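Q: Just passing along the structure, written as structure tokens.
The values are calculated or read from the model by the stated rules, or taken from the named source; none is laboratory data. Small disclaimer: the values here were computed from a predicted structure and weren't measured. Cβ coordinates were reconstructed from backbone atoms using ideal geometry, including for glycine residues, and neighbour counts include every protein chain displayed. SASA here: full protein model, heavy atoms, side chains in, ligands and nucleic acids out. Shrake-Rupley method; radii C 1.70, N 1.55, O 1.52, S 1.80 Å.
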Amino acid sequence: CAGTSVTFTASPVNGGSTPLFQWKVNGISITGATNSTYSYIPINNDAVICVLSSSATCPIGNPATSNAVSMNVNPLLAVSVSVTPSANPVCAGTSVTFTATPVNGGSTPGYQWKVNGTSISGATNSTYSYVPINNDAVICVLSSSTTCPIGNPAISNIVTMTVIPLLTVGYTGSSQIVCNGTVPAQLTGTPPLNGVSSTYQWQSSIDNNLFTNVEGATNLNYQPGITTITTYFRQMQNALETCNGPLPTNTVTITVYDLLPVSISIGVSSNPACHGSPVTYSATSVNGGTAPAYQWQVNSINISGATNANYIVPPENNDTVTCVLTSNAPCTIGNPATSNKIAMTVNQPVNVSVSINASANPVFAGTLVTFTATPVNGGTAPVYSWKVNGTIVIGANSSTYSFIPEDGDFINCLLVSNAFCAMNNPATSNFVMMKVSSVPSTLVLQNFNITDAKCFDANETITVAGSGSEFTIQSGGSATMIAGNKINFLPGTKVFPGGYLHGYITTTGQYCDSKSPSAGTAVEEIKTNTIHVTEPFFKIYPNPTDGILELELNGLDATEIIRIEIYNMTGEKVISTAYAGGRKHQLSLSGKPGGIYLLQVVSAKFSGTARIIKQ
């Protein structure tokens, strides 16, 4: 390299012990250059030789001249590098590429990029890209591969980055709800958060899509005029020393509602209503909004807690019910609204019942019996269901029901009333148990010896004894004859003292196996045979009786024993007693069912019978 000192060294052959050297440059001997070495700063193409004078004995080729060394001296090269960015200043977030331009970098220059004095790992190319921040200082260090460089490695110029912040817009006011034809509140804006000398442009849209500038609306705040349709507003903001402007703010929606008349109507599930029974009042609102508020009133007094669309309560007669609706809908008129009035009619409940009776009971087999239901509070269109032995009779739905019963059938009726405020509905009637007798048409009684209680019956005629036969009633025995038409007591009919015979014609269809006739039933007595009695010797009263009887005796000895027996119509002995004399005695049928009974009084001399009606 130019300016570099070079030392030349001579190597003698057979120079002797005191060889002599003379150095020459470009053929010119160099004064004082007489050693085996010579140093100087050559220039390009200098030719350097050395002449040796040997001190050896018998030398040949002496003095000897060396080979010539032709010097190649390269000039010194100044190394440098400059750096340029792809852009400066830039917007925040922008990637910048820095390019290094070398001078005398050689064929394989080396690069090292630094940001703010710190080497960037891997940044060893002639270019370097990254996203800078404001005031970043970027340089590049060049290591040249050229011959004879000076100023190597070289440090580039410093690129100080100016990074402009992005525009950050402020916000406008909140959305509004206004009524049709009114002026919205002023729209207020907030300036951008960075930059200077901000500018504004208000824009509007009716579909929140295509916005157009509002002429003259270039201030921070904006007062819209009367608004009749829903409109969307935003503000375009810009500022110096910022990037990416102008930008839109948030969108403010001014929702316009038509004026809505508020009203409410109410109805009731039942009016008239029944006392003590809840009814439901229902409110139907018009323009009540998303959360209508209700307040029910009874007789103009607010009911605590009654704030739903439905109100359930058992009303009182003459109550007046209303409901007040407060709408949360925007742009209402007539708010709050009061409903129509409902004046309540409340009736007292009525108890439903039904009783039935049979046209005849007991009856003969095959007799058609009509049952009649008597309703209480059955309404205008009562519905009947007849049951026989617990089973509903299909089609038997009127107040009467006729059929031919069998013995033991039990009949009742179910009543469904349509009376208003009916209680105990449906109602079930009493039961009627049917007694059905199988009685022969005619009966002939011959060669009977009666020692106990017997009863004989026929639909038409009973013939007793006759044709040489006998019908005998012994003492203690009794016989009752019941016929539908006629009883013939023929010769051979005998009743011994202490025995009893009674015959009568039935007019009610009650025979031996029927129930006792009810109190007051008329029984037509045809004949009473009292054997051995020439005149009445006793009286029984009161007759009919409610249970207590007085027996009064006549013509008997004070010590005479009398036997008294009372039979029901089936021949069953219900009372048997004896008295020793005495004129009056008391008998009791209390607790016995109502009907006809037969009294038999027997003494040692007399016997007699009497019919008793127990009420």
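Q: Tell me, what HN-Hα J-couplings in whole Hz come from the Karplus equation 6.51 cos²θ - 1.76 cosθ + 1.60 at θ = phi - 60° for each residue of region 236-247, using x for Gly and Pro?
A: With coefficients 6.51, -1.76 and 1.60, one gets 8, 10, 9, 7, 5, 6, 9, 10, 6, x, x, 10 Hz.
Q: Just for region 249-302, what percent of DSSP beta bridges are antiparallel, to the closest 5?
A: On the way: 8 of 8 bridges.
Percentage antiparallel, nearest 5: 100.
Q: Compute, for Arg611, the solvent-accessible surface of its heavy atoms (probe 1.4 Å) with the complete set of protein chains present, and express it in square angstrom to the nearest 10.
A: Its heavy atoms expose roughly 80 Å² to the probe.
Q: So, in nm, how far is label Glu470 from label Ser5 when the simple model puts each one 7 Å beyond its Cα toward the Cβ?
A: Inter-label distance under the simple model: 19.8 nm.
Q: Something else: So if we plug the beta-carbon distance of Asp407 and Ser277 into 1/(1 + (r/R0)^6) with R0 = 41 Å, what FRET efficiency do we get, rounded to 0.05? Each step should come with its number before you reach the end.
A: Values: r = 45 Å, r/R0 = 1.11.
Taking R0 as 41 Å, the efficiency between Asp407 and Ser277 is 0.35.
Q: State, to one decimal in nm, how far the label point of Asn44 lies from the label point of Asn221, with both points 7 Å from Cα in the Cβ direction.
A: About 8.2 nm separates the two model spin labels.
Q: Give the ranking of His502, His275, His585 by solvent-accessible surface, highest area first, calculated with a 1.4 Å probe. Display every interim value, and only then the final one.
A: Working: His502 5, His275 75, His585 25 Å².
Correct descending sequence by accessible area is His275, His585, His502.
Q: Evaluate E = 1/(1 + (r/R0)^6) for Val574 and Val393, where r is the Cβ-Cβ distance and R0 equals 51 Å; express this FRET efficiency to the nearest 0.05.
A: On the way: r = 38 Å, r/R0 = 0.74.
With a Förster radius of 51 Å, E is 0.85.
Q: From Cα pairs below 8 angstrom and at least 6 apart in sequence, can you work out the relative contact order of region 369-412, rounded to a whole percent?
A: Numbers: 48 pairs, mean separation 21.3, N = 44.
Relative contact order for region 369-412 comes out at 48 percent.
Q: Also, I was wondering about something else. Expressed as a whole percentage, what fraction of the accessible surface of region 167-247 belongs to carbon and sulfur atoms when a 1.4 Å probe is rolled over the protein heavy atoms?
A: Values: 2230 of 4420 Å².
Answer for region 167-247 is 51 percent, counting heavy atoms of protein chains only.
Q: Once Rh for the chain is found with the Kirkwood sum over Cα pairs, what is the Stokes-Einstein diffusion coefficient at 20 °C and 1.002 mPa s, in µm²/s? Working shown, then result.
A: Details: Rh = 41.6 Å.
D, rounded to a whole number, is 52 µm²/s.
Q: Using r as the Cβ-Cβ distance of Ser304 and Ser270, and R0 as 30 Å, what FRET efficiency do you calculate, to the nearest 0.05?
A: On the way: r = 24 Å, r/R0 = 0.79.
Approximately 0.80, to the nearest 0.05.
Q: How much length is gained on full extension from Glu241 to Ile333, taking 0.36 nm per residue of separation minus their Cα-Cα distance? Mind showing how you got there, number by number?
A: Numbers: separation 92, 0.36 × 92 = 33.12 nm, distance 5.25 nm.
Once the chain is fully extended between Glu241 and Ile333, it gains 27.9 nm.
Q: Could you point to the residue in Leu76, Val90, Ala185 farthest towards the positive end of the chain's charge dipole, with +1 and -1 charges on the Cβ of Lys/Arg and Asp/Glu respectively?
A: Checking the options against the dipole of the chain, the answer is Leu76.
Q: Follow-up. What is the extension gain from His585 to Thr127, computed as 0.36 nm multiplied by their sequence separation minus the C-alpha to C-alpha distance, in nm to one decimal? Mind dumping the intermediate values first?
A: Working: separation 458, 0.36 × 458 = 164.88 nm, distance 15.14 nm.
Separation in residues times 0.36 nm, less the Cα-Cα distance, equals 149.7 nm.
Q: I've got another one for you. Can you compute the modelled spin-label distance between Ser107 and Asn424, with each label point 7 Å from Cα toward Cβ, in nm?
A: Here the answer is 13.0 nm between the modelled labels.
Q: Still on this structure, I have one more. Where nothing but the Cβ of Lys and Arg (+1) and of Asp and Glu (-1) is charged, how large is the charge dipole of the chain around its Cα centre, in debye to the nearest 20?
A: 580
Q: Give me the accessible area of Ile158, 1.4 Å probe, in Å² rounded to the nearest 10.
A: In the full protein context, Ile158 sits at about 110 Å².
Q: Still on this structure: Would you mind telling me the antiparallel percentage of the DSSP bridges in the chain, rounded to 5?
A: Once the DSSP bridges in the chain are tallied, antiparallel ones form about 75 percent.
Q: Another question, if that's okay. At a 4.7 angstrom Cβ threshold, list every cysteine in the chain that has nobody to pair with, or say none.
A: Cys50, Cys58, Cys140, Cys323, Cys413 - these cysteines have no disulfide-compatible partner (Cβ-Cβ under 4.7 Å) in the chain.
Q: Also, I was wondering about something else. Expressed in nm to one decimal, what extension gain is obtained for the pair Val313 and Ile177 from 0.36 nm per residue of sequence separation less their Cα-Cα distance? Each step should come with its number before you reach the end.
A: On the way: separation 136, 0.36 × 136 = 48.96 nm, distance 3.95 nm.
Extending this stretch completely gives an extra 45.0 nm.
Q: In whole Å, how far is the Cα centre of region 580-601 from that of region 45-75?
A: Here the two parts' Cα centres lie 193 Å apart.
Q: Too long at a 25 Å Cα-Cα cut-off: which of Lys494/Lys584; Lys435/Lys592; Lys573/Lys614? Intermediate results must be reported in sequence, preceding the final value.
A: Working: Lys494/Lys584 30 Å; Lys435/Lys592 19 Å; Lys573/Lys614 15 Å.
Cα-Cα > 25 Å for Lys494/Lys584; rest within.
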